[in-house]
Amino acid sequence: YFYQAWKVKRARVSILSDNADSWIQPFCRSLAAQLIDRGFVVDVYKDWKDLEKGDILFILGCEKILPNDVLSLHKHNLVVHESDLPRGKGWSPLSWQIIGGKNKIPNTIFEASSKVDSGVIYYQDFICLEGHELVEEIRNVQGLSTIKLCLRFADEYPNVVGLPQTGQETFYARRTPSDSEINSQQTIDAIFNRLRIADNEKYPVFFYKNGVKYIIKIYKESL
């Protein structure tokens, strides 16, 4: 029994994350460590130009679009997207849904394709929030959900079956710094979800009053 288990060949897994400053980097490292513990051969990349052939490629937190010839290096190229695809394609789906008042948000792992966010879907998890979490806490839940989906795909590979996306597709727009602007006449309750998703350093909430720009940063009191 032990000899047979030792003889099982695990897949070669690549993890690509091209933004060195991204909040997802610690989760990429955690994913790599857990895959290695499971017996996979793991390669971690910061640039798609360095990719070598493998079985599974997890594309996490990437800013650059991979050319089709690069996608052909792996049997599967997986992306994780926080929406109920094909609804909620596009940019920053988690932030937009939190702004919209949602606390239970689908997280989907699917096959990357030449058409944005349109590949077959493998699994779905849920990011469950209570409504008080600020951005760092939200990212932690998001990162753990992403790891869970990636590990499930790797554990069940090659016995994975994707299903085509069905239903009406919708798209979220790319968020820009201007999306952090609020109306100073609004109540705290009205702007609270915008405060929750704001990065205090990179894109804090702000407003203008009497021609002056004011920046708001939000923290939880340490217990």
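The values are calculated or read from the model by the stated rules, or taken from the named source; none is laboratory data. What you are looking at is a predicted structure, and each value in this text was computed from that prediction instead of being measured. Note that each Cβ is placed from the backbone with ideal geometry, even for glycine, and that neighbours are counted across all protein chains shown. These accessible areas exclude ligands, DNA and RNA; they are computed on the full protein's heavy atoms, side chains included. Shrake-Rupley method; radii C 1.70, N 1.55, O 1.52, S 1.80 Å.
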Calculate how many DSSP beta bridges within the chain are antiparallel, expressed in % of all such bridges and rounded to the nearest 5.
50
Largest first and to the nearest Å, give the Cα extent of segment 11-100 along each principal axis.
41, 29, 24
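Size of the dipole of segment 96-153 about the Cα centre, Lys and Arg at +1 and Asp and Glu at -1 on the beta carbon, nothing else charged, in debye to 20? Don't skip to the answer; put the middle values down first.
Numbers: 6 positive and 7 negative charges, 37 e Å.
For this selection, approximately 180 debye.
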Per-residue HN-Hα couplings for segment 50-65, Karplus 6.51 cos²θ - 1.76 cosθ + 1.60 at θ = phi - 60°, whole Hz, x for Gly and Pro?
8, 4, 10, 5, x, 8, 10, 10, 9, 9, 10, x, 8, 9, 9, 7
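What does the convex hull of the alpha-carbon atoms of segment 44-169 project to on average, in nm²?
Averaging across all directions leaves 7.9 nm² for the Cα convex hull.
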Could you state the number of Å between the C-alpha centres of segment 76-141 and segment 189-218?
24
Counting heavy atoms of the protein chains only and a 1.4 Å probe, report the per residue accessible area for the chain as a whole number of Å².
59
Spelling it out for R12: with amide H atoms placed in the peptide plane at 1.01 Å from N, the residues 5 or more places away or on another chain with amide H under 5 Å from its amide H are D55, I56
Among the DSSP beta bridges whose two residues both lie in segment 54-159, what percent are antiparallel, rounded to the nearest 5?
70
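For the chain, which whole-number percentage of the solvent-accessible area (1.4 Å probe, protein heavy atoms only) is attributable to carbon and sulfur atoms?
53
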Where does the charge balance sit around I109 when Lys and Arg score +1, Asp and Glu -1, over other residues with C-beta under 10 Å from its C-beta?
0
Here the net charge surrounding I188, from other residues whose Cβ is less than 15 Å away from its Cβ (Lys, Arg +1; Asp, Glu -1), is +3
Could you give me the ³J(HN,Hα) list for segment 172-188, computed from phi with Karplus coefficients 6.51, -1.76, 1.60 and θ = phi - 60°, whole Hz, x at Gly and Pro?
9, 7, 5, 7, 10, x, 5, 5, 8, 6, 10, 8, 5, 7, 7, 7, 4
Would you please give the residues with an amide H less than 5 Å from that of S113, counting only those at least 5 places away or on a separate chain, with H modeled from the backbone geometry?
S118, G119
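Any of K115/K148; K49/K75; K46/K104; K102/K213; K53/K148; K64/K148 with alpha carbons more than 20 Å apart? Name them for me.
K115/K148; K46/K104; K102/K213; K53/K148; K64/K148
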Name the residues whose placed amide hydrogens come within less than 5 Å of the amide hydrogen of F126, ignoring near sequence neighbours (fewer than 5 apart) on the same chain.
N107
Over every pair of different alpha-carbon atoms in the chain, take the mean of 1/r and invert it; report that Kirkwood radius in Å.
19.1
Cβ-defined net charge surrounding D50, 11 Å radius [Lys, Arg +1; Asp, Glu -1]:
-2
